[in-house]
Structures are given as C-alpha cells and as structure tokens.
Amino acid sequence: MNDLRRALMQIVYINKAFIRSPIAAFFTLVFPIMFLVIFSVLFGNGKMQIQGVTISVATFYVPAIAAFSVVTACYTNIAISLSIARDSGALKRIRGSPLPVWAYMFAKITHSVLIAVLLVAICAAFGAVFYGATLPTTTLPAFLLALVVGAAAFCALGVAVTSVIPNSDAAPAIVNASILPLLFISNVFVPLNNPPAWLDLVSKIFPIRHFADALVKSFFQLSGSGLQTNDLLVIGAWGAAGLVVAIRYFDWEPRR
C-alpha cells in the first residue's frame with residue numbers, strides 16, 4: 001500500500017471517528033449557529049455601515065461567525081486534539097507505525113479544513129434562510145480564496161502552538177486564552193465601527209482581524225473583485241511563521 005493511499009484512508013478513519021461521536025459532532029456543527037443567533041438577538045437587527053454600505057447587524061454576523069468557525073476548526077481543535085494525542089502516547093505510536101507522519105498530519109489537517117468548509121456553508125445557508133443574507137456572487141472567488149488561505153494559516157498556527165502547551169490538561173486553557181480575547185477585538189464577536197486607534201492597531205497585528213475583514217468585505221461585495229490583498233498577505237505571513245515553528249518544535253513524544 002503506497003503512502004498516498006494510507007493518507008487517504010487515514011482521512012476516512014478520522015471522518016468516521018468524528019461522525020461516530022455524535023455529541024462532539026453536534027456541538028462542533030451547532031456551536032457557531034448558536035453564536036450567530038445569540039449575537040443577532042443581543043445586538044438586534046438594526047443597520048450598520050461598512051465602507052459606506054448599509055447592512056443589517058444580523059447579516060454582518062454570517063461571515064463574521066464563518067471566520068470564527070474556521071478558527072475553531074483549524075486552530076482550536078487541531079491544537080487541543082494534537083496535545084491530547086501527544087500526551088496519551090498516540091502520536092508516539094503513530095510515528096512508529098507504517099503510516100508516514102506526513103500522512104497523519106495531512107489527514108488531520110484535511111479533516112479540519114473539511115469541517116471548516118462545512119461550518120461556513122451552514123452559516124451561509126442559515127443566514128440566507130433566516131436573516132435574508134445575500135450570498136456573494138461576483139466576489140465569491142475572493143471569498144473562497146480568503147477561506148482557503150485562512151484555513152491553511154490557522155492549521156499551521158494550531159500545530160505550532162502545541163510547542164508551548166506543556167500537557168493535555170493545560171491545552172484548552174492555553175488555546176482559548178490565546179484566541180478568545182482576539183475574537184472580541186477583531187471584528188468577529190463585536191462589529192468594529194470606529195474603534196479607538198490603539199485597539200484598531202493592536203487587532204491588526206494578529207491574523208484574526210485580517211481574516212474576518214477579508215471574509216466580511218468579500219461576502220458583502222464591498223470593493224471590485226473583493227480581493228483583500230493586504231489582509232491575505234498578513235494572514236499568509238502568520239501562516240508561514242506558524243509552519244516554521246511547527247516544523248522546528250512540534251513534539252511527537254509525551255512531555256514529562
């Protein structure tokens with residue numbers, strides 16, 4: 001059996017394990033919709049301005065929560081699941097098995113990306129049905145490109161952050177602490193209309209703000225093709241840095 005076939009079989013195995021864990025699958029798929037509904041109720045369905053275009057608050061949360069879905073699937077889930085697998089000795093056993101290590105990581109990342117794409121599709125469909133959100137047409141390629149670049153970058157960052165997680169017990173706390181504050185200042189959980197200059201500057205240092213902006217702007221077709229080149233470059237730079245750290249410091253052995 002060649003390595004590529006082993007990698008494809010590992011993808012099938014991980015997907016089956018996900019489906020056969022109905023509670024985990026339910027909350028993974030429903031959690032973003034819960035946020036979409038909760039924030040829409042909390043902030044109402046009034047109007048807001050984005051680059052001179054008037055949209056409803058509820059429809060703003062469709063691409064914003066889509067960004068949250070990708071971050072959750074590709075960063076949070078990968079970082080926590082790899083930390084648990086490392087501490088349980090599963091990664092050590094995989095490294096000593098006929099399955100190539102690249103095939104395992106490829107399968108893990110592919111599964112996360114598939115879940116992210118599914119979550120984005122669910123958010124878009126939910127928003128279209130219940131909030132009258134208009135799905136992107138002319139800017140759809142830009143939206144999909146932002147989705148792919150963001151998913152790849154956050155997967156790399158998810159693997160990289162395991163290098164600073166000492167054990168599986170600390171994984172949820174460290175991962176959530178590194179991501180939750182940024183979600184509130186990055187145009188995801190709270191619409192940023194004329195934020196303080198310092199807050200705007202801080203949020204633009206990190207990739208979540210750029211990812212959310214790229215999805216929101218292309219979703220609402222705010223400019224030309226919708227391609228947000230500067231945002232994508234920042235996201236790509238963070239992803240490249242994450243990849244370097246992951247290659248250099250990722251550990252397959254349990255930490256004592």
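The values are calculated or read from the model by the stated rules, or taken from the named source; none is laboratory data. The model shown is predicted, which means the values in this text are computed figures rather than measured ones. FYI the Cβ positions are ideal-geometry reconstructions off the backbone, even for glycines, and counts take in every protein chain you see.
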### Query
So which residues in the range 9-25 are out of contact with any His (no Cβ under 8 Å at 6 or more places or on another chain) and either outside any helix (DSSP H, G or I) or modelled with pLDDT under 85 (or both), if there are any at all?
17, 19, 20, 21, 22, 23, 24, 25
### Summary
Looking across the range 126-176 at residues that are modelled with pLDDT under 90, outside any loop (DSSP other than H, G, I, E, B) and small (Gly, Ala, Ser), the single one that is surrounded by the fewest Cβ atoms within 10 Å (Cβ to Cβ) is 128
### Message
Residues that are assigned to a loop (DSSP other than H, G, I, E, B), of a type in the set (Phe, Trp, Tyr) and in contact (Cβ under 8 Å) with a residue 12 or more places away in the chain: does the range 212-219 have at least one?
### Response
no
### Query
Counting only residues that are in contact with a helix residue (DSSP H, G or I) (Cβ under 6 Å, 6 or more places away or on another chain) and of a type in the set (Phe, Trp, Tyr), which one in the range 20-56 is nearest to residue 111 (Cα to Cα)?
35
### Query
Out of all the residues in the range 26-35, is one or more among the β-branched types (Val, Ile, Thr), more than 29 Å from residue 232 (Cβ to Cβ) and free of Cβ contacts under 8 Å to residues at least 24 places away in the same chain?
yes
### Query
Scanning the range 1-48 for residues that are aromatic (Phe, Trp, Tyr) and surrounded by 14 or more Cβ atoms within 10 Å (Cβ to Cβ), which turns out farthest from residue 62 (Cα to Cα)?
18
### Task
Considering each of 59, 72 in turn, give the residue that is modelled with pLDDT of 90 or more and either of a type in the set (D, E, K, R) or part of a helix (DSSP H, G or I) (or both).
72
### Task
Those residues that are more than 23 Å from residue 134 (Cα to Cα) and at pLDDT 95 or above, I need them from the range 206-230; list them, please.
206, 207, 208
### Summary
Among (1) in a helix (DSSP H, G or I); (2) over 21 Å from residue 15 (Cα atoms), residue 84 falls short only on (2)
